[in-house]
1. Hey, what do the phi angles of the range 182-190 turn into as Karplus ³J(HN,Hα) couplings, whole Hz, using 6.51/-1.76/1.60 and θ = phi - 60°, x for Gly and Pro?
2. Taking θ = phi - 60°, what integer Hz values does the Karplus form 6.51 cos²θ - 1.76 cosθ + 1.60 yield along the range 82-88, in sequence order, with x for Gly and Pro?
3. Considering only protein heavy atoms, what per residue accessible area in square angstrom results for the chain with a 1.4 angstrom probe?
4. Please work out the FRET efficiency for the pair Tyr195 and Leu221, using the Cβ-Cβ distance as r and a Förster radius of 25 Å; give the result to the nearest 0.05.
5. Treating only the Cβ atoms of Lys and Arg (+1) and Asp and Glu (-1) as charged, compute the dipole magnitude of the chain about its Cα centre; round to the nearest 20 debye.
6. Based only on Cα atoms, what Rg/Rh ratio does the chain have, Rh being taken as Kirkwood's radius?
7. List the trypsin sites (Lys or Arg not before Pro) within the range 1-83 that DSSP assigns to loop and that have no more than 13 neighbouring Cβ atoms inside 10 Å.
8. With each label point set 7 Å from Cα along the Cα-Cβ vector, what nm distance links Gln62 and Asp271?
Amino acid sequence: MIKIYAPASIGNVGVGFDILGAAITPINNTFLGDFVTVKSSTEFTLVNKGIFFKELPTKIEQNIVWKCWFKFCKIIKKNVPVSIILEKNMPIGSGLGSSACSVVATLFAMNEFCQKPLNTKELLLLMGEVEGEISGSTHYDNVAPSFLGGLQLILEDSEIISQNIPHFKNWYWIVSWPGINISTSEARDILPKKYDREICIKNNRYLSGFIHASYTEQPYLAARLMKDFIAEPYRIKLLPNFLKAKEKIKKIGAISFGISGSGPAIFAVSDNIKIAEKIALWLKNNYLQNKKGFVHICFLDTQGVRKIG
Ligand code: HSE
């Protein structure tokens, strides 16, 4: 039996639309992600558990775990009958890489269970492919950090290569999911198909500047450059009082603030625990729309997917 945990992630850390993402872990040592357990069986079975299991589709073929299992068996050209338990602890359509948690945990678990027929590159490629089918287009900024940990920059020429970018260890990442859901594919459909030249240049300038600042250890420059000109202007309307939250959280002292993934989760960054706690409290009192919503103060999760127990 193998039990695997895959952490939540922020895909687009303000800057780096679709190509930069960070895995996160609560500072209080709790888990923020999905678990997948794989056991030997005579036929494929799937049991859904966890805080958000009721949000999962009832048809087994629509479950991400089944899709991963099916694709994995096809690629290794072998039917592997297993019994899987999914602990769905991430809300679907939250902006915190919920589908990536399930995809990464399942594919990693299957690969371990089968004595690693796929290497890291092949697994990442497969994770991106499944994630793409779910969200409408292939992007790796959730699966790569959830799989590999840390802050991942996803490069692509003739192949997909994910690079671990140095990050500031004293940064607290405060994430808040308001308790409502936004479908990733809908949040992508509202974006323009084409962008003006000046936006492209600005986007390049901020992303390259952020990567430079990360390597040269300039935290405040890096934080200032975490701006999104590609998605945020179009997605603001999908989020509850985003601009008010942004203004307030900056006033409290956040050095950066943005939409997590395709929203409605948001994130703020601070290098001071007292400020991080104040931000978390404000978000709890003002950004949450119902009892399901949550706020977590996190560090970046440097481990990524891992075996439990
Ligand atoms: N980069 C993606 C987006 C992340 O912003 O649409 C969500 O999966």
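1. Working through the residues one at a time gives 10, 6, 4, 5, 5, 5, 8, 5, 7 Hz.
2. Result, ordered by residue: 9, 10, 10, 10, 9, 9, 8 Hz.
3. Computed with neighbouring chains in place, this is 46 Å² per residue.
4. 0.55
5. Charge dipole, the chain, about its Cα centre: 720 debye, nearest 20.
6. For the chain, the value is 0.96.
7. Lys59, Lys77, Lys78
8. Distance between the two pseudo-spin positions: 4.8 nm.
The values are calculated or read from the model by the stated rules, or taken from the named source; none is laboratory data. None of these values were measured; they are calculated from a predicted model. Reconstructed Cβ throughout: ideal geometry from the backbone, glycine too, with neighbour counts over all protein chains shown. Only protein heavy atoms, including side chains, enter the accessible area calculation; ligands, DNA and RNA are left aside. Shrake-Rupley method; radii C 1.70, N 1.55, O 1.52, S 1.80 Å.
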